[in-house]
Amino acid sequence: MLREWDHLPEGFLSARPGDLEGLLGGPSLIHLPGRRPEPLFVSVLLHGNEPAGLKAIQALLRDPPPGGLPRSLSLFVGNVSAARAGARRLDGQPDYNRVWPGGDGGDTPEHRLMARVTERMRELAPFASVDVHNNTGLNPHYACINRLENRFLQLATLFGRTVVYFIRPRGVQSLAFAEFCPAVTLECGKAGDAHGVEHARDFLTACLQLAEIPSQPVAHHDMDLFHTVAVVKVPETVSFSFSPGAEDLVFDPDLDRMNFRELPAGTALASVRPGSPVLIEARSETGEDVTAEYFAVHQDRLVLRRPMMPSMLTLDERVVRQDCLCYLMERMGMK
Ligand SMILES: [Zn+2]
């Protein structure tokens, strides 16, 4: 069930992520009026352990611009039960950023909830959509888009020059809203990074003040645009760790330092226990197995077969199991 509010619930501005389930009673859509009626849509806590979006909105609303909000705001607060547990999602829950319309066509209560949010917001004709996340490895702040259209690129580069374009996984919030308004996902560094919160707050403040999103092209030199070409997972049957041991794969303990670096062919990511099974699985955006294009085992090392740039490499074993090891990206040239 979707709870809708037409005001800020008492105590919201000082609530911690773990308080929200008690405060709101469940996932909630909160509408706050502003001078321009088409709302800015913001979603926070789709992953319960990623507080940047909540903190950014709280900071913005604690100290609103003089004269009040220049534009209406619709705020979706997502996985409050996982937030109470300090987890991305609870065991038995689907990932709240994989169940939006246009995804796998599943019919869980969470799929129905996100369909309702989408339908409700479509009626309100949002100005733009912003979904705020943290990640667990060392990554720069960057924005993701799912369409290579000028207004999407303009919105993304308002956050920073690093922009990632992807069309898989499906079922993410930004992909659903891209059907009817410019949509971005913000990656604001690690949870607890105060600069990530400020960066998101400043971006959201700027979005609220914009009368329109420019439709002219973003200049080449103002943007580093990358395209996700594969998602890399460790199969369930393969053991791994980030410290020396007897696991099938022992990753470099500084693995996440490779994020957003253009790595040469031959770069080693892990050492391999002799006789280990299929170690790693890379799938293209269309779901094909492309492992052999990107990875090889050379003596006792798992190495890259060709130059590439990873993102979202993490040292968090639970995230590797629940989500993925990393994404592989290529730099894109715009016409
Ligand atoms: Zn996330």
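The values are calculated or read from the model by the stated rules, or taken from the named source; none is laboratory data. Since this is a predicted model, take the numbers as computed values, not measurements. Cβ coordinates were reconstructed from backbone atoms using ideal geometry, including for glycine residues, and neighbour counts include every protein chain displayed.
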Contact list, first residue from segment 176-196 and buried (at least 24 other Cβ atoms within 10 Å of the Cβ) and of a type outside the set (Lys, Arg), second anywhere and modelled with pLDDT under 95 and not in a loop (DSSP other than H, G, I, E, B), beta-carbon distance below 8 Å, six or more apart or interchain, is none
Of the residues Leu45, Leu54, Leu2, only one is hydrophobic (A, V, I, L, M, F, W, C) and over 18 Å from Arg201 (Cβ atoms); which?
Leu2
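What is the residue count in segment 1-44 for residues that are under 26 Å from Phe127 (Cα atoms) and either without any contact (Cβ under 8 Å) to a residue 60 or more places away in the chain or not in a loop (DSSP other than H, G, I, E, B) (or both)? I'd like the intermediate steps shown before the answer.
Let us first name the residues in segment 1-44 that are under 26 Å from Phe127 (Cα atoms), namely 1-9, 12-13, 24, 26-44.
Filter again for either without any contact (Cβ under 8 Å) to a residue 60 or more places away in the chain or not in a loop (DSSP other than H, G, I, E, B) (or both), leaving 3-9, 12-13, 24, 26, 28-33, 35-44.
Summing the residues that are under 26 Å from Phe127 (Cα atoms) and either without any contact (Cβ under 8 Å) to a residue 60 or more places away in the chain or not in a loop (DSSP other than H, G, I, E, B) (or both) in segment 1-44 gives 27.
Output yes when any residue across segment 58-65 is within 16 Å of the ligand (Cβ to nearest atom) and within 23 Å of Glu212 (Cα to Cα), and no when none is. Working first, answer last.
Residues of segment 58-65 within 16 Å of the ligand (Cβ to nearest atom): none.
Scanning segment 58-65, I find no residue that is within 16 Å of the ligand (Cβ to nearest atom) and within 23 Å of Glu212 (Cα to Cα), so the answer is no.
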Could you grab the pairs with beta carbons closer than 8 Å, sequence gap of 6+ or different chains, first residue in segment 306-335 and within 19 Å of Asp289 (Cα to Cα) and in contact (Cβ under 8 Å) with a residue 40 or more places away in the chain, second one assigned to a helix (DSSP H, G or I) and of a type in the set (S, T, N, Q)?
none
Restricting attention to segment 177-187, does a residue exist that is at pLDDT 95 or above, within 16 Å of the ligand (Cβ to nearest atom) and of a type in the set (S, T, N, Q)?
yes
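Go through Val278, Val238, Val232 for me and flag whichever is not in a loop (DSSP other than H, G, I, E, B) and not assigned by TED's automatic domain parsing to the domain that holds Arg88. Before the answer, list the steps.
Numbers: Val278 fails: not in a loop (DSSP other than H, G, I, E, B); Val238 fails: not in a loop (DSSP other than H, G, I, E, B).
Criteria check complete, one pass: Val232.
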If only one of Arg257, Arg318, Arg306, Arg283 is in a loop (DSSP other than H, G, I, E, B), basic (Lys, Arg) and not assigned by TED's automatic domain parsing to the domain that holds Asn134, which one is it?
Arg306
If you take the residues in segment 122-142 that are surrounded by 21 or more Cβ atoms within 10 Å (Cβ to Cβ) and among the hydrophobic types (A, V, I, L, M, F, W, C), which one is farthest from the ligand (Cβ to nearest atom)?
Phe127
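From the list Glu50, Glu110, Glu119, pick out the single residue that is part of a helix (DSSP H, G or I) and crowded, with 16+ Cβ neighbours inside 10 Å. If you could, list the steps in order and put the result at the bottom.
Working: Glu50 fails: part of a helix (DSSP H, G or I); Glu119 fails: crowded, with 16+ Cβ neighbours inside 10 Å.
After applying the criteria, what remains is Glu110.
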Scan segment 246-293 for residues that are under 16 Å from Leu328 (Cα atoms) and touching a Ser or Thr at 6+ places or on another chain (Cβ under 7 Å) and jot them down.
Asp256, Asn259, Phe260, Ile280, Glu281, Ala282, Glu285, Val290
Out of the residues in segment 74-98 meeting the condition of being hydroxyl-bearing (Ser, Thr, Tyr) and away from the ligand (no atom under 14 Å from the Cβ), tell me which one is surrounded by the most Cβ atoms within 10 Å (Cβ to Cβ).
Ser74
